[in-house]
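To start, the structure itself, in structure tokens.
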Amino acid sequence: MNNNRTSWINVEPGSDFPIQNLPLGIFSVPGKAPSAATRIGDTVISLYSLAKRCFFEKTGIDQEVFNKPELNDFIALGKPAWHGLRESLSEIFRAENLLMRDYIQNTEDILSPVQDVEMMMPVKVGDYTDFYSSIEHATNVGIMFRDPANALLPNWRHIPVGYHGRSSSIVVSGTPIHRPKGQTNPGNNEPVFGPTKEFDFELEMAFITGQATPLGSSVSTAEAEDHVFGLLLFNDLSARDIQRWEYVPLGPFLSKNFGSVVSPWIVTLEALEPFRVPGPVQEPAVLPYLKFSGDKNFDITLDVLIQPEGADPARVCRSNFRYMYWNMAQQLAHQTVNGCNINVGDMYGSGTISGPTSDSFGSMLEIAWKGTKPVTMADGTTRTFINDNDTIIMKGFCEKDGLRIGFGEVVTKILAAI
Ligand code: CA
């Protein structure tokens, strides 16, 4: 889509949602069942209302795929349908299309101000994998918890390390999360039970797959992006003291599955095309099934802010998705190289996205360096981890040649343990 195209819907300067974005989500308004939506500026657009009036007739998309509380049925239609919908919306809402403007503005149930709607989980997440693909994050954790001289484990530059997580506890932005309780071993002596004392966030992106594969087949790095529907912001909440005690030998378990939070709008890979960049050089060379061609990283600026109760938010991190050592194509190729099948609506977390400098670290564990460097909040209080009643805010956006495409926010208030 032309970068200069504008919409007859108002888009404020600096908005994450110009007509070039057209993200997809699920919204609800009082008295109506949840259904599919897109967004331009601060206006939420009902896709089911448009589909019912035959706006997407040319695309051949069954209108009922938009009349669902999740996007899975639409996503399952594949790339031609995703592209067709985007083309249709781009035409309907372009500034010159006054005929459409007059019709839609005079039709009651198509447009809603964003403040009048509730955003829901955009997909029913099937399987969920979380990778560990930022070399800066893996190195920082290795220095803090193992051997500074050999911070990266021997497999790290050869394998996109990951684990299978739990999808039942993935929730949408705005859902408050209680401080989890669990077993820890603070003195490396006798374990104790209680609320975590090391409540942390992990700044991540996640991608959603949109094309299933049969068991026994593999997805190559060249094919992988055809399976990627789009991306979300992802806050992988973590309890570090629980994690430290439980993670050997089988990896994270109860330290990660008490609430993992995504942003409500899925930004499609097609909208992110202008922001491709090369990734870091991979040395030593990877095995043949992990080789790829072209630019597979994306320049997405990522911010984390912490807002204590009654105070202004303070930014504690500015990172970028482009720092990822392993890209999405390599992650998906690795996930399926053994014949593991994937499904529509699966979610794949990137792992914490840390950059090279201390102001770009993607978790409190790293920012406050295991509690040794407290961070000052807007109200003068300090944090080494997250306190009760703090709100964690993550934002993400791309900017190039006057075009800005953003993800909005993922906002999570942390409540006391129950
Ligand atoms: Ca994680």
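Summary table below
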quantity: Hits in the range 266-292 - residues which are closer than 30 Å to Val123 by Cα and either open to solvent by less than 30 Å² (accessible area, probe 1.4 Å) or over 19 Å from the mean Cα position of the chain (by Cα) (or both); calculated: Ile266, Val267, Thr268, Leu269, Ala271, Leu272, Phe275, Val277, Pro278, Tyr289, Leu290, Phe292
quantity: Residue within the range 198-220 that is within 16 Å of the ligand (Cβ to nearest atom) and surrounded by fewer than 24 Cβ atoms within 10 Å (Cβ to Cβ) present; calculated: yes
quantity: From Pro313, Pro308, residue being in contact with a Leu (Cβ under 6 Å, 6 or more places away or on another chain), within 30 Å of Thr381 (Cβ to Cβ) and more than 16 Å from the ligand (Cβ to nearest atom); calculated: Pro313
quantity: Residue list for the range 319-350, filter: in a strand (DSSP E or B), of a type in the set (Ser, Thr, Tyr) and over 13 Å from Ser133 (Cα atoms); calculated: Ser319
quantity: Total residues in the range 30-66, condition more than 28 Å from Pro274 (Cα to Cα) and under 24 Å from the mean Cα position of the chain (by Cα); calculated: 3
quantity: Output for the range 1-53, where each listed residue is part of a loop (DSSP other than H, G, I, E, B) and open to solvent by less than 30 Å² (accessible area, probe 1.4 Å); calculated: Ile9, Ser15, Asp16, Phe17, Pro18, Ile19, Gln20, Asn21, Leu22, Pro23, Gly41
quantity: Residue check, Phe258 open to solvent by 30 Å² or more (accessible area, probe 1.4 Å) and not charged (D, E, K, R); calculated: yes
quantity: Number of the condition not met by Ser354 [criteria: (1) crowded, with 24+ Cβ neighbours inside 10 Å; (2) under 25 Å from Ser168 (Cβ atoms)]; calculated: (2)
quantity: Where a residue in the range 266-279 is more than 21 Å from Met347 (Cβ to Cβ) and of a type in the set (S, T, N, Q) and its partner, wherever it lies, is open to solvent by less than 20 Å² (accessible area, probe 1.4 Å) and not in a strand (DSSP E or B), with Cβ under 6 Å and at least six apart; calculated: none
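The values are calculated or read from the model by the stated rules, or taken from the named source; none is laboratory data. All values derive from a computational prediction rather than experimental measurement. Note that each Cβ is placed from the backbone with ideal geometry, even for glycine, and that neighbours are counted across all protein chains shown. For accessibility, only protein heavy atoms count, side chains too; no ligands or nucleic acids. Shrake-Rupley method; radii C 1.70, N 1.55, O 1.52, S 1.80 Å.
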